[in-house]
Amino acid sequence: MLVLFETAAGFAIFKVLDESKLQQVDSLYKDFETPEKANKIVKLKHFEKFQDTTEALAAVTALVEGKIGKSLKKVLKKVVAKEAHEQLAISDAKLGGVIKDKLDLSCVHSPAVAELMRCIRNQMESLIPGLPPREISAMSLGLAHSLSRYKLKFSPDKVDTMIVQAISLLDDLDKELNNYIMRCREWYGWHFPELGKIITDNLAYCKSVRKIGDRTNVAGSDLSDILPEEIEAEVKLAAEISMGTEVSEEDISNIKHLCDQVIEISEYRAQLYDYLKNRMMAIAPNLTVMVGELVGARLISHAGSLLNLAKHPASTVQILGAEKALFRALKTRKDTPKYGLIYHASLVGQTTAKNKGKISRMLAAKAALAIRYDALGEDTNAEMGAENRAKLEARLRQLEERGIRRISGTGKAMAKADKYQHKSEVRIYDPSGDSTIPSTSKKRKFEEEEEDVAVTPVVKSKKPKKEPVTEEAEEAETSAATEETPKKKKKKKKDKNVEAELEEPKEEEEELAVTESTEKKKKKKKKKIKEEEEEDD
């Protein structure tokens, strides 16, 4: 029996010396514990080494797909065909069927063969001479990387490192450009401050400053290629009555040099943006259609690579870029953020504030599919991204229309005014929603009016002040009160409330009368004492 053994370095053909050992599958590993024992059972007959990694990759990919590669076909014709009567032990039953059809060789695949392959692999270094362990490990690692790239259909042209560097450089250029323009406006503003208010575009401002120089040259300079006619006339008028200070020629030359730098950086930025746009359409066309070039490039840059971004779930893609806010929300037990870098996508930007969370979640789900399709798929078209974007736009219109319909009425039974508002383009403001006073029922109002009518005449009536209260009068009042108590119990609850309100002012008036009488007595005593003292004198 012959054994076909595949390695990362090449194909090996072994001759089985003792076939009786194969019947003892459970104890076969004991015969391969040492190199000496292994050499007694199998012996190397031929070894076909691969020339380079490409040949190894071609042979292995053919084996994976169940085909016979060129190198394997050469080995089988050269060695096995001479001993056609021998059976060939192989590890893949599918490959055995192909070999039998094309080369007419009898192949064997069984659990005993699988155990034999495992034992040979364990003692491969001693059974195949001329292959040091370090070389075998290096070949295995290289072949594993090549095979994984092939399985993932990884194209070396799809290098996303360029996108990461380009978007980082674009952000740096924007920061530097803003600083330069601010400095230029502030510097030239000392000489011609009115120009900054007239020309709002930064690039046009720098081009105008470079062409004008000193503000006295405005009248003779032609700015028609930079500015419209109206703005040009306004600039010339403002230069005649400008309140700026005078500056030297050296200052103007330095300002012009700064304007040159701004113009050059702006032109390079536009060129870099075009380059980034083309690279994004080549590497991630579906993601570009979904979220745009800049947002897609920032997502790839934040994840590190397109393949790393493809490993993220949709929930992570949604909040990518808002990690600080996420962990702060988890720490303080507040609401987590709804969006990160994906917030700057056009679909999220054109929605209302109420629907931004829903749209960002749906966009992240579709963008995650687009990223995986771009990273691992074979096609390079953007059809899937266009279809998903159309679905999201339809869903967005549906959400916004539903929000308009539900302005009045509920979801199931809408108000009659809703139909009128839906048809009409003009909406009338409803001031009833501004009132914060709770509405009261008619029954409640009627009861309050009755109580007011019952109470008002008693409160307004003024009683004459009582004379100083004596002990006999107090006893008479107490006896009268005791007689009236059984009558009060028989009255209704409303009468009790009215009497309680009537008794309160009575008690207050009695207390006032008592206090006034005591004060008068004290004054009389003082007068008597003074008169007696005067008489004694």
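The values are calculated or read from the model by the stated rules, or taken from the named source; none is laboratory data. Computed from a prediction, not measured in an experiment: that's the story for all the values here. Cβ: placed from backbone, ideal geometry, glycine included. Neighbour counts: every protein chain shown. Protein only, heavy atoms only, side chains kept; ligands, DNA and RNA dropped before computing areas. Shrake-Rupley method; radii C 1.70, N 1.55, O 1.52, S 1.80 Å.
Among the residues of the stretch 324-344, write down those that are open to solvent by less than 100 Å² (accessible area, probe 1.4 Å) and either under 30 Å from Val289 (Cβ atoms) or not assigned by the TED database to the domain that holds Leu309 (or both). Within the stretch 324-344, Ala325, Leu326, Thr336, Pro337, Tyr339, Gly340, Leu341, Ile342, Tyr343 meet the criteria. When the stretch 348-390 is limited to residues that are β-branched (Val, Ile, Thr) and part of a helix (DSSP H, G or I), the one that is farthest from Thr161 (Cα to Cα) turns out to be Ile359.
Find the residue count for the stretch 20-38, including only residues that are β-branched (Val, Ile, Thr) and more than 16 Å from Val3 (Cβ to Cβ). First the steps, then the outcome.
Of all residues in the stretch 20-38, those β-branched (Val, Ile, Thr) come to 25, 34.
Now drop any that are not more than 16 Å from Val3 (Cβ to Cβ), which leaves 34.
Total meeting the criteria: 1.
Would you check if there is a residue in the stretch 2-11 being assigned to a strand (DSSP E or B) and open to solvent by 20 Å² or more (accessible area, probe 1.4 Å)? Yes; the residues of the stretch 2-11 include at least one that is assigned to a strand (DSSP E or B) and open to solvent by 20 Å² or more (accessible area, probe 1.4 Å). Close Cβ contacts (under 8 Å, 6 or more residues apart or on different chains) running from residues in the stretch 271-283 that are in contact (Cβ under 8 Å) with a residue 24 or more places away in the chain to residues that are among the basic types (Lys, Arg) and surrounded by 15 or more Cβ atoms within 10 Å (Cβ to Cβ) comprise Ala282/Lys158; Ile283/Lys158.
Please state which one of Ala364, Ala303 is within 30 Å of Tyr150 (Cβ to Cβ) and in contact (Cβ under 8 Å) with a residue 12 or more places away in the chain.
Values: Ala364 fails: within 30 Å of Tyr150 (Cβ to Cβ).
Every option except Ala303 fails the conditions.
Of the helices (runs of 4 or more DSSP H) that lie entirely inside the stretch 80-141, not one contains 1 or more residues that are in contact (Cβ under 8 Å) with a residue 24 or more places away in the chain, open to solvent by less than 40 Å² (accessible area, probe 1.4 Å) and not assigned by the TED database to the domain that holds Val42. Every test in (1) more than 13 Å from Cys119 (Cα to Cα); (2) assigned to a loop (DSSP other than H, G, I, E, B) is passed by Val25 save one, and that test is (1).
Which residue out of Lys236, Lys197, Lys211 is under 45 Å from the mean Cα position of the chain (by Cα), without any contact (Cβ under 8 Å) to a residue 40 or more places away in the chain and in the same structural domain as Asn179 (by the TED database)? Give the steps one after another, and end with the answer.
Working: Lys236 fails: under 45 Å from the mean Cα position of the chain (by Cα); Lys211 fails: under 45 Å from the mean Cα position of the chain (by Cα).
Answer to the selection: Lys197.
Taking the stretch 51-75 only, how many residues are open to solvent by 20 Å² or more (accessible area, probe 1.4 Å) and either outside the structural domain of Val98 (by the TED database) or outside any helix (DSSP H, G or I) (or both)? Counting residues in the stretch 51-75 that are open to solvent by 20 Å² or more (accessible area, probe 1.4 Å) and either outside the structural domain of Val98 (by the TED database) or outside any helix (DSSP H, G or I) (or both) gives 5.
Just to be sure, is Ile252 in contact (Cβ under 8 Å) with a residue 24 or more places away in the chain, touching a Cys at 6+ places or on another chain (Cβ under 8 Å) and open to solvent by less than 20 Å² (accessible area, probe 1.4 Å)? Steps first, answer last, please.
On the way: in contact (Cβ under 8 Å) with a residue 24 or more places away in the chain: yes; touching a Cys at 6+ places or on another chain (Cβ under 8 Å): no; open to solvent by less than 20 Å² (accessible area, probe 1.4 Å): yes.
No: the conditions fail for Ile252.
Per the conditions (1) of a type outside the set (Phe, Trp, Tyr); (2) touching a helix residue (DSSP H, G or I) at 6+ places or on another chain (Cβ under 6 Å); (3) open to solvent by 10 Å² or more (accessible area, probe 1.4 Å); (4) part of a helix (DSSP H, G or I), the sole criterion not satisfied by Glu393 is (2).
Is at least one residue of the stretch 279-298 part of a loop (DSSP other than H, G, I, E, B), open to solvent by 10 Å² or more (accessible area, probe 1.4 Å) and of a type outside the set (Lys, Arg)?
Yes, because at least one residue in the stretch 279-298 is part of a loop (DSSP other than H, G, I, E, B), open to solvent by 10 Å² or more (accessible area, probe 1.4 Å) and of a type outside the set (Lys, Arg).
The listed residues are Asp260, Asp251, and the only one of them that is at pLDDT 90 or above, within 43 Å of the chain's Cα centre (by Cα) and not in a loop (DSSP other than H, G, I, E, B) turns out to be Asp260.
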